[in-house]
6 protein chains.
Amino acid sequence: MTDGLTHFNEEGRARMVDVSGKKDTHREAIATGTVYMKPGTLKRIEEGEIAKGDVLAVAQVAGVMGAKKTPDLIPMCHPLLITSVDIRFKIFPAGEDQIAAIEVIGTAKTSGQTGVEMEAITAVSVAALTIYDMCKAIDKGISFGKIGLLRKSGGKSGVYTRSEPIP
Amino acid sequence: MTDGLTHFNEEGRARMVDVSGKKDTHREAIATGTVYMKPGTLKRIEEGEIAKGDVLAVAQVAGVMGAKKTPDLIPMCHPLLITSVDIRFKIFPAGEDQIAAIEVIGTAKTSGQTGVEMEAITAVSVAALTIYDMCKAIDKGISFGKIGLLRKSGGKSGVYTRSEPIP
Amino acid sequence: MTDGLTHFNEEGRARMVDVSGKKDTHREAIATGTVYMKPGTLKRIEEGEIAKGDVLAVAQVAGVMGAKKTPDLIPMCHPLLITSVDIRFKIFPAGEDQIAAIEVIGTAKTSGQTGVEMEAITAVSVAALTIYDMCKAIDKGISFGKIGLLRKSGGKSGVYTRSEPIP
Amino acid sequence: MTDGLTHFNEEGRARMVDVSGKKDTHREAIATGTVYMKPGTLKRIEEGEIAKGDVLAVAQVAGVMGAKKTPDLIPMCHPLLITSVDIRFKIFPAGEDQIAAIEVIGTAKTSGQTGVEMEAITAVSVAALTIYDMCKAIDKGISFGKIGLLRKSGGKSGVYTRSEPIP
Amino acid sequence: MTDGLTHFNEEGRARMVDVSGKKDTHREAIATGTVYMKPGTLKRIEEGEIAKGDVLAVAQVAGVMGAKKTPDLIPMCHPLLITSVDIRFKIFPAGEDQIAAIEVIGTAKTSGQTGVEMEAITAVSVAALTIYDMCKAIDKGISFGKIGLLRKSGGKSGVYTRSEPIP
Amino acid sequence: MTDGLTHFNEEGRARMVDVSGKKDTHREAIATGTVYMKPGTLKRIEEGEIAKGDVLAVAQVAGVMGAKKTPDLIPMCHPLLITSVDIRFKIFPAGEDQIAAIEVIGTAKTSGQTGVEMEAITAVSVAALTIYDMCKAIDKGISFGKIGLLRKSGGKSGVYTRSEPIP
């Protein structure tokens, strides 16, 4: 049985599924991801931000540009015209576990025939990769994860809001 | 004090740091990441694989191509000539928590003036994004994480092997 | 007289012709191309497919991604939003001439102001280039050709179906 | 048995093969392809050329730029630094079969660890696609083919010169 | 007060502003820029043009392709579907100041939710960069400037026509 | 006579000239360009900068990323591996002419067979385009110009330092 896994054609290989019959509707998606680092790394980022050098500013630009590259990165993803992308950050100072964190929240919108989940999640991933790249010289153990969809609206399947936590 | 955070210039803004003085050496990096899904989603992927339709085959191609796009995605990342990229998968059937998982392991090599960590981590991220994209129609709660470097070698800083687990 | 060759402006140089006045209609195009190889090369591809290593799976992904790159490759080609791409293969074992062949058939759809012929033909060309690349180590004489449009529909000029064979 | 088809890893999936151990040598490749059209289409191209509007000038630029995009188009293709690309055309007026033709000859050079065959063949393919695109409005039956390698030199496998004709 | 500078979000960082509520209208923009060179350089370009070698033909192709890359180059720029791009040149032989010039005029059109100013200006910039690149071997002092918008129409803000000269 | 204008082949069309015989040397280039705007626009940019929203931060990221796209934008430009890019800004408050200005200075380095002038000039152009894009909503008359090379070193032709002003 293959219904559901609609990226495969009859021969069992991949294709870009046909969305010709879908309606143009307003669509929106919000995704999240978190970068984990040493407390000292977060301190450096925050100090840099005050002094105009700004890891998060670069990550934000990278995330917005990454959202636009989504169909170029993900093979079976449909091209669409993004009408809005926004990247925000939440800072989590280290607790007893000595792990500091920055949550990246990405929002994308479009008016089109397919959803913008992948754009929102790609924006978050590229922003996280950029934070990683800019800090890896001082923190080789830096990592990121908990990347997933928080909410989406628009399209035939309606509103989705994540209820369970991301593993 | 700004030493260490070498992506910033004197005005505190971002730049691509100067690696002109670095030597061409053989460099290698191995990265990891994990996609979490419902047990039924993993079952579908595995069945598809047998029937020639292959989520992992598409993810693998996407990961290799993503590695080549690294300097185009990450603003301050130097371009380099990758000499090898390999993506492997490990399947983890669901335990009591009812969460199945696929670990993505990416290896990249180069002979150049800068390391290939970002290429390996980008390969893993793009492969994970692709698995996500191909399964999201049947599993809206799918997510991925635990993305980080396992090992790197080559260059002035020598061999790094991750000791602590990825949060 | 310059009518017909509409890519040229008054000075005789190239431009992207104005399609502002055209209507958004559903458009579809089917293209074909054939890769020629030694019988032993085809045998290897087929064995690889059974054993999960799959030249055609990679070519299929490349063809779909290539279709999305069409306006980036072909200078005067308009950007459009593809709504579907599908790549199929037909195997032709060698006859007396000892030439085996794989036909690549590419289908592309859109709802837009310009046709998707170039997307379908680019998909076929990139899939053929990929088969070539993956087999060239064992078959230096591999080649491809007979690339052309089989059918198109949608738009002012209506349905076209190829009647004559491709030279 | 998998030797020869070196793009596959142990699990039978695709990878970018390791060329880390290969030497930088001067490498060169010459490829060919032919566009077939109505005699009237060729006449239009030639008249345009005289009057400064120049299908072949655009195709030539597209071919050179296409060569630079090779590793972005072909999944398992290594990135390399092209040191030269040249595209030439030979005009073949129609004979009794009423088929006119333009042969596209592409030459690419590099000093690197992998060959430039794919760059030369991609250059030819993109130039052919461009001629097709610019003439399709007046000649829906236009097609192209006989794309293959004429000659390559450099690297461990030495000089290859095509002896048999392209099917 | 932040109104007007709409690319910034509440935290003061950059975002791609939301145009979801804007209407699809026909939009057009005309931009200009000028390349300055030695009289002998212009003479060479003109001679080359007659002899079919054509700096301006390459610049024209580059400008059209550059227009399509606008959202990939400019971080906060929305993607849109260009329906027309045209590049024209005006030759200005040197006067007493011994400075020859080529004015580049770029026109872009779209039917969409955002304007095409950036596409027209990017087209002009990339055409100027290309003229620069092709002539720099014989004229190291070549430069370009006076890049700005001449006219735009469509969208809520209506028609704009430049009145003051470009500095 | 065609010597000097080395981008043309014997048929008078464009090619990527052969640099195979050139030596890898350390090369560096510094370019300049200036964005002109209303005094009020500059004031807004400066206030934004203080409040963490930073037109120049986005322009700087865009300039660095633009430098990496140079061979993708400029048809006959050779690909090379940039080892450093830096973008700086100088603020010029308005004088009596009521024109404020921001000078963009871009530096690029490489170790390769061709110069990095085009990378430095492209970095400056893309940074200027980005400033333009981010301010055009409040200043439709914004423009940029005086783009040229200040200095280059490395390679056979040695050091060049601009003596004359840019027109």
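Farther than 29 Å from C:I45 by Cα and over 16 Å from the mean Cα position of the chain (by Cα) - does that describe any residue in region C:113-129?
Yes, region C:113-129 has at least one match.
Please verify whether E:M65 is in contact with a Cys (Cβ under 8 Å, 6 or more places away or on another chain) and modelled with pLDDT of 95 or more, treating the condition exactly as stated.
no
Please find, within region C:114-143, the residue that is nearest to E:S84 (Cα to Cα) out of those that are among the polar types (S, T, N, Q) and out of contact with any Phe, Trp or Tyr (no Cβ under 7 Å at 6 or more places or on another chain).
Taking the candidates together, the pick is C:T114.
Can you work out which of the residues in region A:11-57 that are at pLDDT 90 or above, closer than 30 Å to C:V116 by Cα and not hydrophobic (A, V, I, L, M, F, W, C) is farthest from the chain's Cα centre (by Cα)?
My answer is A:H26.
Going through D:S163, D:S111 one at a time, which residue ends up being under 19 Å from D:L80 (Cα atoms) and among the small types (G, A, S)?
The unique qualifying residue is D:S111.
Go through region C:27-44 and give me each residue that's facing chain D (nearest Cβ under 8 Å) and in contact with a Cys (Cβ under 9 Å, 6 or more places away or on another chain).
Residue satisfying the conditions is C:R44 alone.
Assess whether F:P75 counts as being modelled with pLDDT of 95 or more, under 30 Å from D:V61 (Cα atoms) and over 14 Å from the mean Cα position of the chain (by Cα).
It is true that F:P75 is modelled with pLDDT of 95 or more, under 30 Å from D:V61 (Cα atoms) and over 14 Å from the mean Cα position of the chain (by Cα).
The values are calculated or read from the model by the stated rules, or taken from the named source; none is laboratory data. The model shown is predicted, which means the values in this text are computed figures rather than measured ones. Glycine also receives a Cβ, built like all others from the backbone with ideal geometry; neighbour counts cover every protein chain displayed.
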